[in-house]
Amino acid sequence: MQNFIAFNPTKLHFGKDVLSGLAASLPLYGKRVLLLYGKGSIIRTGLYDRVMQILRQAGMEVAEYGGIKPNPIVEDVDAAAALGRKHKADVILAVGGGSVIDSAKIISLTIPVEHSGWDFYSGKAKPVQAVPLVAVLTLAATGTEMNRFAVISNHAEGKKQGYGHALCYPRESFLDPTLTISVPKDHTGYGIADLVAHCLEMYFGAGDASLSDRFITSVVREAMEYGPQLLDNLNDYDLRARIMYAATMALNGLTANGKVSGDWAVHSMGHVLSLLYDTPHGASLTIAYPAWLKYFKEPMRDRIAALGTELFREQLDADATILRLEGFFRQIGCPVRLADINVGPDQQEALVNGFIVNEVNGGNMKMTEEDYPVLVGLM
Ligand code: NZQ
Ligand code: ZN
């Protein structure tokens, strides 16, 4: 087991009606708030009106930036940061899924400086301070509500990349599973796939930490048991709550203690799919995972078999485990081949180039450019 530091400063408010606590929390950071949201789901569900009412009652002065797209882009980050700077925002309130909250994290770093948020990704700039971030999560998937990561696309450079910094943790996150009831069936499935993929990235990472492995398989088993039930009962609060809690625990540090690193090559592969075809994040992972598992089956044979045996509670070998995982992804409505998202063999070169530009590689199972065409062929 590796030495580790466990650190997670995000205060999590979880459960029915926790949103009312915003009125007490937000003014702790100041009066001037920058409100961020996505393409309009919060307006359609009435959440926008509810939040505005809370902000008014709390006496907050609001500037708002809406329209952040799924697979968020650096242009929105920079435009929202400029608005936040002009408004002299004391605090950011991000209301939405991973795309809005990830954007908010980089906006919080960019407001105090004069350069693009992308400079943190390219390594040109290091963050020195962040405007405090409070999040209201509306989609269970990424774990961004309780971690330090943010994933942004830069189409001009052909990159979709992750960035992590201790300043990026939300100060507080409000998770009311009721707010996820409006998430449509397809995105509910993609979210379940994403949380499972976060667990698998850690499971196939480097290092030996048995308790972390047990946390990992427990979270995956929770998703496998309750995910399919949720897809048949989208309005069920209790099932929404189980999946929301699982998604947060899948990527908040719990599964990483004592490991050397996660692998994360599958995420890098998925990010290239999202960059090129705007594939929803979870759907990109269910295409990349089976291909990656097949590609590294020989060196990981025993590890894959042990995972399958633990998850499905019967003796399985590596091949059977891969088939079962693929079956689970299908069961929750996710694509498992490029053909399922109408990406044909003519895209092979574009994908390989995308892998090269984004330096797709794993923290544990190393790759070179020669691996890419075969991996793409398996997708
Ligand atoms: O934009 P709006 O109108 O809000 O609609 C969104 C969007 O169309 C909709 N939605 C969200 N909440 C809803 C809802 N629709 C109805 N009711 C609600 N309550 O769902 C769609 C997808 O939203 P998005 O935020 O893009 O999804 P998700 O939460 O899966 O976030 C994906 C992004 O997070 C990144 C991904 O790469 C991707 O860019 N990730 C972030 C991570 C992190 N920060 O730790 C880790 C992940 O591995 C991931 O890479
Ligand atoms: Zn993910």
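For this structure, a couple of remarks:
- Using θ = phi - 60° in the Karplus curve 6.51 cos²θ - 1.76 cosθ + 1.60, the 3J(HN,Hα) couplings for segment 172-181 round to 9, 10, 10, 10, 9, x, 4, 5, 9, 5 Hz; x is entered for Gly and Pro.
- Loop-located trypsin sites (Lys or Arg not before Pro) across segment 7-61 with a Cβ neighbour count of 15 or fewer within 10 Å are 16, 31, 39, with loop assigned by DSSP.
- FRET efficiency, 1/(1 + (r/R0)^6) with R0 41 Å, evaluated for residue 165 and residue 210 via beta carbons: 0.90
- Tilt relative to the chain, helix 265-277 - C-alpha long axis, 0 to 90 degrees, to 10: 70 degrees
- Carbon plus sulfur fraction of accessible area for segment 126-259, probe 1.4 Å, in percent: 50 percent
- Whether segment 1-77 is rounded, prolate or oblate, judged on the alpha carbon gyration tensor where a/c under 1.5 counts as rounded: oblate
- Sequence-distant aspartates and glutamates (8 or more away, or on other chains) whose Cα lies within less than 13 Å of residue 16: 176, 236, 238
- Trypsin sites (Lys or Arg not before Pro) lying in DSSP loop within segment 120-202, provided at most 14 other Cβ fall within 10 Å: 124
- Checking the Cα-Cα distances for 126/160; 31/185; 11/185 against a 26 Å cut-off, the pairs over it are 31/185; 11/185.
- Cross-link pairs 69/366; 86/124; 88/159; 69/259; 39/105 - those with Cα-Cα distance over 28 Å: 69/366; 88/159; 69/259
- Within the assembled protein chains, the solvent-accessible surface assigned to residue 366 is about 130 Å², based on a 1.4 Å probe.
- Rounded to 10°, Cα long-axis angle of helix 237-250 versus longest principal axis of the chain: 80 degrees
- Folded to 0 to 90 degrees: helix 185-203 orientation relative to the chain principal axis, Cα: 70 degrees
- Net length gained if the chain between residue 369 and residue 56 were fully extended (0.36 nm per residue, minus Cα distance): 107.3 nm
- Alpha-carbon spread of segment 11-180, three principal axes, descending order, Å: 41, 30, 26
- Shape category assigned to the chain from the gyration tensor of Cα positions, a/c cut at 1.5: prolate
- 3J(HN,Hα) from dihedral phi, segment 34-42, Karplus parametrisation 6.51/-1.76/1.60, rounded to Hz, x for glycine, proline: 9, 8, 10, 8, x, 7, x, 4, 6
- The residues of the chain have, on average, 41 Å² of accessible surface per residue, using a 1.4 Å probe with all protein chains present.
The values are calculated or read from the model by the stated rules, or taken from the named source; none is laboratory data. All of these numbers come straight from a predicted model, not from anything done at the bench. Positions of Cβ are backbone-derived with ideal geometry, glycine not excepted, and every protein chain shown enters the neighbour counts. Each accessible area value is taken on the protein alone, full model and side chains, heavy atoms only, with ligands, DNA and RNA left out. Shrake-Rupley method; radii C 1.70, N 1.55, O 1.52, S 1.80 Å.
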